[in-house]
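Structure first, then comments.
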Amino acid sequence: MIDRIITKNDEDFYNRLANAVDTAYFEGKGQCIIEELSNSKQRLFSNKFELDGMTFLEPNVHLFSFNNPYGACPKCEGYGDVIGIDEDLVIPNTALSIYENAVFPWRGESMSWYRDQLVNAAYKFDFPIHKPWFELSEEQKELVWDGNKHFIGLHKFFETLEEKSYKIQNRVMLSRYRGKTKCNLCNGKRLRTETDYVKVGGKSISYLVGLPIERLTPFFENLDLSEHDTKIANRLLKEINTRLGFLDKVGLSYLTLNRKSNTLSGGESQRINLATSLGSSLVGSMYILDEPSIGLHPKDTENLIEVLLSLRDLGNTVIVVEHDEDIMKAADEVIDIGSEAGTHGGNIVAQGTMEDILKSTSLTASYLNGTKEIKVPNERRTSKNHIEIIGCRANNLKNINVTFPLDMLTVVTGVSGSGKSTLVKKLLYPIILKETGGYGEKAGQFSSVNGKYKHIKHVEFVDQNPIGRSSRSNPVTYIKAYDEIRNLFASQKLSKIRNYQAKHFSFNVDGGRCEKCKGEGEITVEMQFMADVHLECDTCAGKRFKKDVLEVTFNDSNIDDILNMTIDDAIYFFEAGLQNKIVAKLKPLQDVGLGYVTLGQSSSTLSGGEAQRIKLASFLVKGATKDKALFIFDEPTTGLHFHDIQKLLKSFNALIKKGHSIVVIEHNIDLIKCADYIIDLDPDGGENGGQLLAEGTPEEVAKNTKSYTAKYLKEKL
């Protein structure tokens, strides 16, 4: 008993009542009873967040974040995945029906009993046993997993195996189907189930972040709230709509807000960073963007230009490092650096408006005003050899059949998010890798593969990953030219007198390298709470080798001088020294437009496009081989000037002449127009993409009225 109070309508009464209620809640641990003595009526009050016997978590900002333990799903800890039974391993071929043994563990004599249960009882609950798995509705798929009174579902099947895991055959079977799978508590939404109780406009947060931005934007724009809620949400809704608008403007309307960042392409990540900057609504700032058009279809580039101009109009300075023709034309001021690369570059060859640039004699101007051009090939190659993938269904692909012609240059194109990377990286590459006896990640969903491709003995995926992580890794070691250079120095007179071998001219092994820095050329001082400090080695002065080794010269140049030469200079130097073997290995680097790179430049300082071209050069070095390969390139024109694209196309043609096949994922129209065959996926990104809109020669694709690519291709042709 906290207090007895006589009811009065004055301030003292209300103050005393408030104090009594506060004390009662505290002593009663959230519960308080008020009894009316005149009629012995009791009323129970609670300040707990509960109703109908259920206690709820009090909503706060952290409840709606999967990065916070308060809001993250307790089972998967906010990752959305757990180690469990992998659906892709249980149903590896979604083109099969239940009757055709789509469920892999239900094959064989002993396990087919589970399948027969479902097949024999299917008529009782109208289940289509002859329908391919991928055509079943979500409810029908869930039924197979959950089961009913007529048959045991897959969940129960695997639970039974778990219960009897003392049997070795059950443990083996479980391990065969174990992998990363969607968390069954949060259904992959990463938030605890309590968040679904809180709704805005009748929708929970996990539902909204699972919508593509193009469907989410109208939801918030048309949100109907009460007068009280509108006052609270007014500023928040303005911020939400602005940010969603910017994501839409930079061409990311097909993404969902809960998409994992490690599944985004480089171009998508860059545009999200751009949208973040735009969302901050800064003025008087300087934005420096390094090739924002990477991974963008010309249609998306138009949207990007609008965004850059709106940033400028807000009162900001926008500086863009770019090769894209449309972005150059939209600029107020262009600074053209050249004339070429490396030792032939480093000068401002033209500056001013686009009109001023076009009047200049620079290399960029020559391509823009038509003096020089990347010519359309006189004829397109044809071939009877091809790879046909039937029923491509991975990610957003709409069960399409795609034919990749071989022995020619095939380009896969389409707007951002249309399914190009899925088609090539998740289907073509892993399928052919497996067919040629290689090992890699599992292919996405498809029905079958056929065609004439038995002459393809291996497949090479040339991406933009670094060619080496070590600071000692460099272009000449990657293409094996450094072996020849070391042999050359080991054969010099002074080397023979001092008994130096090829290993003495390597900075990877003891012998000739500087002992203090171990051939690194610098000493790393570890700072406990700050970034490490890199100092030039005081013993070798950054030259990596011992003083005695540097005394060995070829044509008055020591090994350090050679490593500091550019590819162009090194080719001239070795040609003068009649070292044709070394020149032959260095020439492909020059052919792919990397003549400006120094021989000893650390691989870690190379851009993605440079790394990709060094890989291309390494294949050109190998020359004509009996075994023919399929080369797959992922946006090889990244960071390339028109002049470099010209060189890249020459390298592609050299590979095809040797009997190899090339498939390229590309947006650059100058490269697309030079293809022998185009596979065009459209019409939009995300859910609306994944359809094969056009295929054939560039001339045939250009006639397609539905394709966005065709519109830009027509101009170039």
* According to a simple spin-label model (label point 7 Å from Cα along Cα-to-Cβ), what is the distance in nm between LEU535 and SER491? -> 4.2
* For segment 28-37, what does the Karplus curve 6.51 cos²θ - 1.76 cosθ + 1.60, with θ = phi - 60°, yield as ³J(HN,Hα) per residue in whole Hz, taken in order and with x for Gly and Pro? -> x, 6, x, 10, 8, 10, 10, 10, 8, 5
* Structure fact -> Going through LYS398/LYS650; LYS329/LYS375; LYS8/LYS199; LYS426/LYS622 one by one, the pairs whose alpha carbons sit over 30 Å apart turn out to be LYS398/LYS650; LYS8/LYS199
* Go from 0 up to the bin containing the longest alpha carbon distance in segment 236-290, width 10 Å each, and give me the % of pairs per bin. => 21, 53, 24, 1
* **Stretchable slack from LYS359 to GLU87, in nm (0.36 nm times residue separation minus alpha-carbon distance)** => 91.7 nm
* Accessible area of GLU699, 1.4 Å probe, to the nearest 10 Å²? -> 80
* Local electrostatic count at THR343 - Lys and Arg +1, Asp and Glu -1, tallied over other residues with Cβ under 12 Å -> -3
* Mind checking the full-extension length gain between TYR79 and SER557? Use 0.36 nm per residue of separation minus the Cα-Cα distance, one decimal, nm. => 166.4 nm
* Asked: Taking the highest mean first, how do the peptides 185-192, 206-213, 103-110 order by number of other beta carbon atoms within 10 angstrom per residue?
  -> 185-192, 206-213, 103-110
* Asked: What is the magnitude of the charge dipole of the chain about its Cα centre, with +1 placed on the Cβ of each Lys and Arg, -1 on the Cβ of each Asp and Glu, and no other charges, expressed in debye to the nearest 20?
  -> 2920
* Considering only ILE665, GLN117, PRO59, whose Cα is most displaced toward the positive end of the charge dipole of the chain, charges sitting on Cβ of Lys, Arg (+1) and Asp, Glu (-1)? -> GLN117
* Structure fact -> If R0 = 30 Å, then LYS452 and LYS714, at their Cβ-Cβ distance, give a FRET efficiency to the nearest 0.05 of 0.40
* Asked: With point charges of +1 on the Cβ of Lys and Arg and -1 on the Cβ of Asp and Glu, referenced to the Cα centre of the chain, which listed residue (ASN580, LEU409, SER226) lies farthest in the positive direction of the dipole?
  -> ASN580
* Asked: Ignoring ligands, DNA and RNA, what accessible area per residue does the chain give at 1.4 Å, in Å²?
  -> 54
* Keeping all protein chains in position, work out how much accessible area ASP568 exposes to a 1.4 Å probe, and write it in Å² to the nearest 10. => 40
* Sort LYS585, LYS384, LYS329 by accessible area with a 1.4 Å probe, largest first. => LYS384, LYS329, LYS585
* Considering only protein heavy atoms, with the full assembly of protein chains and a 1.4 angstrom probe, order LYS658, LYS581 by accessible area, largest first. => LYS581, LYS658
* Suppose R0 equals 45 Å; then what is the FRET efficiency for TYR70 and LYS384 from their Cβ-Cβ distance, rounded to the nearest 0.05? -> 0.10
* What order, most packed first, do the peptides 24-35, 292-303 have when packing is the mean number of other Cβ atoms within 10 Å of each residue? -> 292-303, 24-35
* Which of the cysteines in the chain are isolated, no other cysteine C-beta under 4.7 Å? -> CYS32, CYS392, CYS674
* Gain in length, THR7 to LYS622, computed as 0.36 nm per residue apart minus the alpha-carbon separation, to one decimal in nm? -> 211.5 nm
* Quick one: which of LYS457/LYS673; LYS587/LYS658; LYS180/LYS442 span more than 19 angstrom between C-alpha atoms? -> LYS457/LYS673
* Asked: In terms of modelled amide H atoms, which long-range or inter-chain residues lie less than 5 Å from the amide H of VAL412?
  -> VAL664, ILE665, GLU666, ILE679
* To do: Obtain the radius of gyration and the Kirkwood radius of segment 124-179 from its C-alpha atoms and give Rg over Rh.
  => 1.07
* Reachable aspartates and glutamates, given that their alpha-carbon falls under 16 Å from the alpha-carbon of LYS454 and they are not under 8 places away in the same chain -> GLU388, ASP407, GLU435, ASP627
* Asked: When the solvent-accessible surface of protein heavy atoms is calculated with a 1.4 angstrom probe, in what order do VAL119, VAL701 fall, highest first?
  -> VAL119, VAL701
* Asked: At what distance in nm do the modelled label points of LEU57 and THR230 sit from each other, each positioned 7 Å from its Cα along Cα→Cβ?
  -> 3.3
* Please give, to one decimal in nm, the separation of the simple spin-label points placed at GLU700 and GLU50, each 7 Å out from Cα toward the Cβ. => 7.1
* **Hydrodynamic radius of the chain per Kirkwood, over alpha carbon pairs, in Å** => 31.2
* Only loop residues by DSSP count here, and only those with at most 16 other Cβ atoms within 10 Å; note down the chymotrypsin sites (Phe, Trp or Tyr not before Pro) in segment 340-447 that meet that. => TYR439
* Accessible surface of ASP324 in the full protein assembly, 1.4 angstrom probe, to the nearest 10 Å²? -> 40
* Structure fact -> If R0 = 41 Å, then LYS658 and THR263, at their Cβ-Cβ distance, give a FRET efficiency to the nearest 0.05 of 0.70
* Structure fact -> In order over segment 62-71: 3J(HN,Hα) from phi, Karplus 6.51/-1.76/1.60, θ = phi - 60°, whole Hz, x for each Gly or Pro, gives 5, 5, 9, 10, 7, 8, 10, x, 5, x
* With the full set of protein chains in place, find how many percent of the accessible area of segment 129-281 is carbon and sulfur; take the probe as 1.4 Å. => 51
* **Net dipole in debye of segment 582-717 [+1 Lys, Arg Cβ; -1 Asp, Glu Cβ; about Cα centre; nearest 20]** => 800
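The values are calculated or read from the model by the stated rules, or taken from the named source; none is laboratory data. Just so it is clear, the structure is predicted and the values come from calculations on it, not from any experiment. No Cβ is skipped: glycine too gets one built from the backbone with ideal geometry, and neighbour counts run over all protein chains shown. We work out accessible area using only protein heavy atoms, side chains counted, and drop any ligands, DNA or RNA first. Shrake-Rupley method; radii C 1.70, N 1.55, O 1.52, S 1.80 Å.
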